[in-house]
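The values are calculated or read from the model by the stated rules, or taken from the named source; none is laboratory data. Because the structure is predicted, anything quoted here is derived from the model rather than measured. Cβ coordinates were reconstructed from backbone atoms using ideal geometry, including for glycine residues, and neighbour counts include every protein chain displayed.
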Amino acid sequence: MLLKVKNLHKIYKSGTHALKGVSFEVEEGEFLVVIGLSGSGKSTLLRCINRLIEPTSGIVEFQGKDITHIKGEELRLAKMKIGMVFQQFNLIKRKSVLSNVINGKLGSLGTFESILEKYSDDVYQEAYRCLDTVGITDKAKIRADALSGGQQQRVAIARSLMQNPKLLLADEPVASLDPATSNSVMQYFEKINKDLGTTVICNLHFLSLVRRYATRVIALRAGEIIYEGAPRDIDENWFKTIYGEEAEEVEIR
Amino acid sequence: MIKEPELEIHPQNFIEENKKREHKYNLYKAILLDIFFVFYSILVVQRAIYYKFFLDLRELPFSWNEIILLFIISVIIGASWAISRTSLSCKLFGIAKENKTTKWSVEIFAWFLFDITFIAGWVVTKISIVGLFSSEGLQGAERLFSALFHPQFGIFDDALFAMIETIYIALIATLISIPPTLLISFFTARNLMKENKITFAVYYVLRIILNFVRSIEPLIWAIIFSVWVGIGPFAGMIALLVHTIASNAKLYSEAIESIEEGPVEAISATGANKVQVVWHAVVPQIVLPFLSFTIYRWDINVRMATIIGLVGGGGIGTMLMQYQGLARWREVGLIILMIAFVVWVMDYISAKIREAIY
Ligand SMILES: Nc1ncnc2c1ncn2[C@@H]1O[C@H](COP(=O)(O)OP(=O)(O)OP(=O)(O)O)[C@@H](O)[C@H]1O
Ligand SMILES: [Mg+2]
């Protein structure tokens, strides 16, 4: 078992109870998709897993080890094995694509070395390999903010690949992209999942994408898991339970 | 599917409690502020208006006993007023009762405060319309202005040299300020320091020191340093340096506080350490604003360097002071002309550079 989440709660300072006892497990090699309405707690869940925010209570076990209570160096080592991709890409705009990708490696580079930005050839080769995986080696020297949204997201994926992650978290990675680009970016996640064997947990909005890429689905509503199962089992009824009576499915190809 | 677990977490209570606590703090603040308002009114009415204006005393009588007595009276009035929830401060902190008494007392007292402050200001400034338009005064002004508009170009080369000195003093102060300012600004950026108690303490102490240093004008720093290292350009430069570090550290750290959080999160999620996060996610976002602040500061420092010269900080200001002391107004005229020109040019250049880098 790669990841075990046990009875996770998150209460924000504002008093919002965003996660109300979420538990699930993820096997190695899975492509788990989390769905749910806006505000149902999807982002909160991912951020609690890699400790971008602190869960209020509950346990996250990664590779058989509790990572909710570790600190300092130990936490840093755990973070290095978990990659994350964001909706807003979160690249350093003024830096080149290549430096952005190398940023993913910082955890295993020395502080001094990384400040001088004098990296060994191995690091550069690895960065080019990661860029190759997402198919944009030709853009390596260009400033990150000169790329289109889809290209920026691929750079962000390459950055997380630099970590050699065991687990890749993606928080609505295609929500700010158009349908065609969405599909192409999702295909890179699929490729990483299948070829490199990286486990993926991904928040998504569109059910058509979910059906196409997920091996398993979890649905959240108001901070609780209300559905867990295969994507093809989400029928009309489940859809209405998850998204509410008024919702209608839209296709995205 | 998972059942709701029994956990003792009640967000509603949490919010309620916060509200209550805030209410209590606001009341304390209101009490203090009201005491201050009342004490201030009593002192101003007694000292500035009664003693100075009506009795026209030269020496104001002063006794600690009297002040303490007045203070105790203010405490009683102010506190009971605030606790009755009808005072001006209660209104300001949003905890006042909504009724006629509050409305009247707040309105009347606010006007009263404004009026006595204005009257006291008038009395203290010794405003005199007669002085401004007396024929003797007007003649003096005419003589002065006609000299200023006929500048004496005989001292042009000396003045030019002094001007260059001033520009260099400003430039060196600005350049040397950069590394310490950078370093300090990271320790005074709230978003970088808030997580941990120790770093937050450092943040807090540094902020207080900076505020203190900044609140002392460069002119006063120049006086201090001219005693310390002797009158001259060096004293002027250090004075500017100290003030530049303190002011720019604040601007820099505000720039750090307003960066995009996303890239910072993304880099720290990769397992990078704190120094790496700052260097690779924070620094690239602040280089441009920092450059722009620094150039602007050079511009400000040229102006300040002239003023500092007046108290012995070297450069054109010192020269201006000397000729002013000799009442040689035509030379003074030339110097003022040169200062105005340089300030205008610097202003223009720094604006252009700042435009270019954005
Ligand atoms: N930093 C925060 N402080 C306070 N409350 C927050 C914070 N972040 C999220 N919340 C609240 O927690 C709840 C869950 O938010 P979350 O962002 O996890 O939802 P989401 O499912 O990711 O929604 P979306 O699809 O809009 O991204 C919401 O009610 C939100 O308002
Ligand atoms: Mg979200």
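Tell me, yes or no, whether the stretch B:271-282 has at least one residue that is more than 14 Å from chain A (Cβ to nearest Cβ) and either modelled with pLDDT under 90 or closer than 28 Å to A:Ala156 by Cβ (or both).
The first filter runs over the stretch B:271-282 and keeps only residues more than 14 Å from chain A (Cβ to nearest Cβ), leaving none.
Within the stretch B:271-282, none of the residues are more than 14 Å from chain A (Cβ to nearest Cβ) and either modelled with pLDDT under 90 or closer than 28 Å to A:Ala156 by Cβ (or both).
To keep it simple, each residue is scored yes or no on (1) free of Cβ contacts under 8 Å to residues at least 40 places away in the same chain; (2) of a type in the set (D, E, K, R); (3) loosely packed, with under 14 Cβ neighbours inside 10 Å.
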site: B:Arg58; (1), (2), (3): yes, yes, yes
site: B:Gly78; (1), (2), (3): no, no, no
site: B:Ile95; (1), (2), (3): no, no, no
site: B:Thr125; (1), (2), (3): yes, no, yes
site: B:Leu132; (1), (2), (3): yes, no, yes
site: B:Gly137; (1), (2), (3): yes, no, yes
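Mind telling me which of the residues A:Asn237, A:Asn183, A:Asn193 ends up being within 30 Å of A:Ala78 (Cβ to Cβ) and in the same structural domain as A:Lys4 (by TED's automatic domain parsing)?
Details: A:Asn237 fails: within 30 Å of A:Ala78 (Cβ to Cβ); A:Asn183 fails: within 30 Å of A:Ala78 (Cβ to Cβ).
Answer to the check: A:Asn193.
Given A:Lys10, A:Lys20, which one is of a type outside the set (A, V, I, L, M, F, W, C) and more than 16 Å from ligand 2 (Cβ to nearest atom)?
Working: A:Lys10 fails: more than 16 Å from ligand 2 (Cβ to nearest atom).
Within the list A:Lys10, A:Lys20, the selection yields A:Lys20.
Evaluate the following for A:Gly29: is it more than 13 Å from ligand 2 (Cβ to nearest atom), under 30 Å from A:Arg143 (Cα atoms) and under 17 Å from the mean Cα position of the chain (by Cα)?
No, not satisfied.
Residue by residue, here is whether (1) within 22 Å of A:Val174 (Cα to Cα); (2) away from ligand 2 (no atom under 16 Å from the Cβ); (3) in contact with a His (Cβ under 8 Å, 6 or more places away or on another chain) holds:
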| residue | (1), (2), (3) |
| --- | --- |
| A:Ile35 | yes, no, yes |
| A:His69 | no, yes, no |
| A:Asn100 | yes, yes, no |
| A:Asp121 | no, yes, no |
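Which condition number does A:Gly244 fail, the rest of (1) under 15 Å from the mean Cα position of the chain (by Cα); (2) within 16 Å of ligand 1 (Cβ to nearest atom) being met?
Going through (1) under 15 Å from the mean Cα position of the chain (by Cα); (2) within 16 Å of ligand 1 (Cβ to nearest atom) one by one, A:Gly244 breaks only (1).
Please count how many residues of the stretch A:16-47 are within 15 Å of ligand 1 (Cβ to nearest atom), within 14 Å of another protein chain (Cβ to nearest Cβ) and among the charged types (D, E, K, R).
2
Considering only the stretch A:190-206, state which residues are among the polar types (S, T, N, Q) and closer than 17 Å to A:Leu177 by Cβ. Don't jump to the end; show me each part of the working.
Here is the first cut: in the stretch A:190-206, the ones among the polar types (S, T, N, Q) are A:193, A:198-199, A:203.
Passing the criteria: only A:Asn203.
Among the residues of the stretch A:183-195, what is the count of those that are within 26 Å of A:Glu27 (Cβ to Cβ) and in contact (Cβ under 8 Å) with a residue 12 or more places away in the chain? Spell out the reasoning first.
From the stretch A:183-195, those within 26 Å of A:Glu27 (Cβ to Cβ) are A:183, A:185-195; that's our starting set.
Pick out the ones that are also in contact (Cβ under 8 Å) with a residue 12 or more places away in the chain and you get A:183, A:185-186, A:188-193.
Residues flagged as within 26 Å of A:Glu27 (Cβ to Cβ) and in contact (Cβ under 8 Å) with a residue 12 or more places away in the chain within the stretch A:183-195 amount to 9.
Report, by residue number, each residue of the stretch A:157-184 that is at pLDDT 95 or above and in contact with a Pro (Cβ under 9 Å, 6 or more places away or on another chain).
A:Ile157
Check A:Asp171 against each of (1) outside the structural domain of A:Val26 (by TED's automatic domain parsing); (2) among the acidic types (Asp, Glu); (3) within 16 Å of ligand 2 (Cβ to nearest atom) and name the one condition it does not meet.
Of the numbered conditions (1) outside the structural domain of A:Val26 (by TED's automatic domain parsing); (2) among the acidic types (Asp, Glu); (3) within 16 Å of ligand 2 (Cβ to nearest atom), the odd one out for A:Asp171 is (1).
Based on what the data block shows, is A:Val60 within 16 Å of ligand 1 (Cβ to nearest atom), hydrophobic (A, V, I, L, M, F, W, C) and more than 14 Å from A:Arg221 (Cα to Cα)?
Numbers: within 16 Å of ligand 1 (Cβ to nearest atom): yes; hydrophobic (A, V, I, L, M, F, W, C): yes; more than 14 Å from A:Arg221 (Cα to Cα): yes.
Answer is yes for this residue.
From the residues in the stretch A:191-240 that are in a helix (DSSP H, G or I) and within 16 Å of ligand 1 (Cβ to nearest atom), which one is surrounded by the fewest Cβ atoms within 10 Å (Cβ to Cβ)? Quick ask: steps written out before the conclusion?
If we filter the stretch A:191-240 for residues that are in a helix (DSSP H, G or I), which is where we start, we get A:191-195, A:207-213, A:231-233, A:236-240.
Keeping just the survivors that are within 16 Å of ligand 1 (Cβ to nearest atom) gives A:207, A:209-210.
Details: A:Leu207: 22, A:Leu209: 21, A:Val210: 18.
Applying the filter and picking the extreme gives A:Val210.
For A:Lys194, which of the numbered conditions (1) more than 16 Å from ligand 2 (Cβ to nearest atom); (2) within 12 Å of chain B (Cβ to nearest Cβ) fails to hold?
Among (1) more than 16 Å from ligand 2 (Cβ to nearest atom); (2) within 12 Å of chain B (Cβ to nearest Cβ), the lone unmet condition for A:Lys194 is (2).
Identify, from the list A:Leu46, A:Leu106, A:Leu52, the residue that is in the same structural domain as A:Ala222 (by TED's automatic domain parsing) and under 30 Å from B:Leu288 (Cβ atoms).
A:Leu52
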